[in-house]
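Engineer: One structure follows; several queries about it will come next.
The values are calculated or read from the model by the stated rules, or taken from the named source; none is laboratory data. The structure presented is a predicted model; accordingly, all values stated were derived computationally and were not measured. FYI the Cβ positions are ideal-geometry reconstructions off the backbone, even for glycines, and counts take in every protein chain you see. Side chains are part of the model used for accessible areas, which takes the heavy atoms of the whole protein and leaves out ligands, DNA and RNA. Shrake-Rupley method; radii C 1.70, N 1.55, O 1.52, S 1.80 Å.
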Amino acid sequence: MTLDGLTALARGLTVPTGFVDASLAAPAPGTIRLTGGIPAPEALPVAAIARASAQVWQDGGGAALQYSPGPGFPALREWIASREGVDPSRIVVTNGGMHGLTLAVLTVVERDAVVAVDDPVFPGFRWALEIATTRTLPVPVRADGFDVDHLAVRLAAGDRIAAAYTVPDFHNPAQVSLSAEKRQALIELAERYGFYVIVDNPYRELRFAGADQGVAAFNSSDRAIHVNTFTKTLGPGWRVGWLVLPEHLVDPVIRLRNRLDVHTSSVTQAIVERLVTAEEPGYDRIVRDAAVLYRERATVLVDALHEHLPGAFEIRTPEGGLFLWPRLTDDGVDPAALFRRAAANGVVYHQGELFAADPRQRSAARHLRFAFGDRTPDQLHEAVRRLAAAYR
Ligand SMILES: Cc1ncc(COP(=O)(O)O)c(C=O)c1O
């Protein structure tokens with residue numbers, strides 16, 4: 001098929017690879033996939049959703065079948081704003097996290113500008129970024145998140161960036177969270193050098209251990225675009241998320257989306273608004289129950305790795321989110337060969353190299369990404385047993 005007639009932008013978008021390699025596209029029957037990063041079906045509040053949606057129609061549908069204001073339904077924005085601790089005028093309801101990231105990129109990243117990104121990085125952000133640029137400055141993710149000092153050194157040496165991208169809570173894939181001190185330091189750097197921080201925070205609510213490092217540093221800065229989504233708590237199918245924007249970016253973002261999708265579906269907004277503002281079960285309980293479920297799964301996975309593969313991995317116990325990012329301790333183990341044997345044995349996961357932001361760095365390739373959220377404890381245990389057989 002010829003690419004004649006396509007814009008340079010459409011021609012330039014890469015086909016996402018790696019995530020759909022042959023063994024994943026056609027896994028052997030009975031294969032256990034640890035690939036998802038998606039919520040457990042049993043953590044999604046289906047009965048409450050049915051009630052909320054019935055109420056919308058019993059009440060005549062009303063706003064659900066009409067145009068919405070560009071930034072979203074007022075009561076939904078207010079509910080989000082009160083959780084974020086900001087004025088509702090700064091909330092824009094989006095069609096999920098990816099949409100929020102794309103709006104952020106289109107608004108503040110000039111064509112071919114450089115953007116600092118987590119290394120390892122959520123690949124979806126790199127795909128969104130391609131709309132403006134492929135020039136990145138990879139910044140290592142440490143045990144306490146994005147290495148702000150590393151970026152500071154590069155900026156002091158003369159590097160210039162339009163934005164810095166990071167996932168501060170329960171990082172995808174690296175599982176860690178950015179410390180409160182580093183959140184503040186990153187914002188101070190952004191203010192000093194005049195770039196935006198694109199804060200991508202879909203796992204924030206799914207905490208089951210450790211202390212919340214807070215989002216006030218982001219939500220109080222004119223230099224932060226805080227991107228969030230209901231994907232991990234209410235389900236990816238909604239395509240509903242939100243941006244917390246500095247006041248001066250609200251109008252530019254809305255002008256942009258007037259040309260794109262106009263607004264998030266009124267039907268979905270109406271149901272989500274009913275659901276989250278209902279007293280029973282209440283969003284806090286939905287999220288709390290989910291976190292209890294994920295804590296159990298994370299514990300089963302970590303315990304099984306210690307039991308069946310003692311010493312094979314350096315493992316951090318997750319404090320939240322949906323991922324484990326263990327590192328192979330034996331340099332003699334070839335991760336690609338291990339993956340092939342594991343797939344043949346009926347377990348698949350994502351190889352760390354898929355998340356490398358700096359292809360010259362081999363560190364991500366020593367990791368495996370296990371998504372445990374949508375697998376039962378029995379499946380997790382069996383998955384590790386199969387992995388152990390492949391490892392030996
Ligand atoms: C870090 C990160 N950002 C954004 C998203 C995308 O969220 P959504 O499905 O709401 O577009 C994901 C989903 O996996 C994610 O892991």
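Engineer: Does any residue in the stretch 274-299 that is farther than 20 Å from residue 374 by Cβ come within less than 8 Å, Cβ to Cβ, of a residue that is assigned to a helix (DSSP H, G or I) and polar (S, T, N, Q) six or more places away or on a different chain, and which pairs are these?
Structural biologist: Listed pairs, sorted by first residue: 274/53; 274/55; 283/233.
Engineer: On the given criteria, is residue 110 of a type in the set (D, E, K, R), touching a Gly at 6+ places or on another chain (Cβ under 9 Å) and more than 30 Å from residue 380 (Cα to Cα)?
Structural biologist: Criteria not met by residue 110.
Engineer: Only one of (1) open to solvent by less than 50 Å² (accessible area, probe 1.4 Å); (2) in contact with a strand residue (DSSP E or B) (Cβ under 7 Å, 6 or more places away or on another chain); (3) of a type outside the set (S, T, N, Q) fails for residue 314. Which number is that?
Structural biologist: All conditions pass for residue 314, except number (1).
Engineer: Could I ask something else about it? Can you pull out every residue in the stretch 202-225 that is hydroxyl-bearing (Ser, Thr, Tyr) and under 19 Å from the mean Cα position of the chain (by Cα)?
Structural biologist: The one that is hydroxyl-bearing (Ser, Thr, Tyr) and under 19 Å from the mean Cα position of the chain (by Cα): 203.
Engineer: While we're here: Inside the stretch 21-94, counting only helices (runs of 4 or more DSSP H) that do not spill past its ends, which hold 1 or more residues that are in contact with an Asp or Glu (Cβ under 9 Å, 6 or more places away or on another chain) and open to solvent by 20 Å² or more (accessible area, probe 1.4 Å)?
Structural biologist: 46-58, 74-84
Engineer: Another question, if that's okay. Of the residues 232, 182, which is charged (D, E, K, R), within 22 Å of the chain's Cα centre (by Cα), farther than 30 Å from residue 153 by Cβ and at pLDDT 95 or above?
Structural biologist: After applying the criteria, what remains is 232.
Engineer: Would you check which residues across the stretch 249-260 are surrounded by 14 or more Cβ atoms within 10 Å (Cβ to Cβ) and of a type in the set (D, E, K, R) and list them?
Structural biologist: Correct list: 257 only.
Engineer: When you look at residue 160, is it more than 16 Å from the ligand (Cβ to nearest atom), of a type in the set (Lys, Arg) and in a loop (DSSP other than H, G, I, E, B), yes or no?
Structural biologist: Spelling it out, residue 160 is indeed more than 16 Å from the ligand (Cβ to nearest atom), of a type in the set (Lys, Arg) and in a loop (DSSP other than H, G, I, E, B).
Engineer: When the stretch 123-157 is examined, which residues are found to be more than 16 Å from the ligand (Cβ to nearest atom), open to solvent by less than 10 Å² (accessible area, probe 1.4 Å) and outside any loop (DSSP other than H, G, I, E, B)?
Structural biologist: Answer for the stretch 123-157, where residues must be more than 16 Å from the ligand (Cβ to nearest atom), open to solvent by less than 10 Å² (accessible area, probe 1.4 Å) and outside any loop (DSSP other than H, G, I, E, B): 137, 148, 151, 155.
Engineer: Still on this model: Of the residues that make up the stretch 339-346, is at least one of a type in the set (Phe, Trp, Tyr) and open to solvent by 20 Å² or more (accessible area, probe 1.4 Å)?
Structural biologist: no
Engineer: Another question about this same structure. Return the residues of the stretch 100-122 that are within 16 Å of the ligand (Cβ to nearest atom), assigned to a helix (DSSP H, G or I) and open to solvent by 10 Å² or more (accessible area, probe 1.4 Å); say none if nothing qualifies.
Structural biologist: Listed by number, the residues that qualify are 102, 106.
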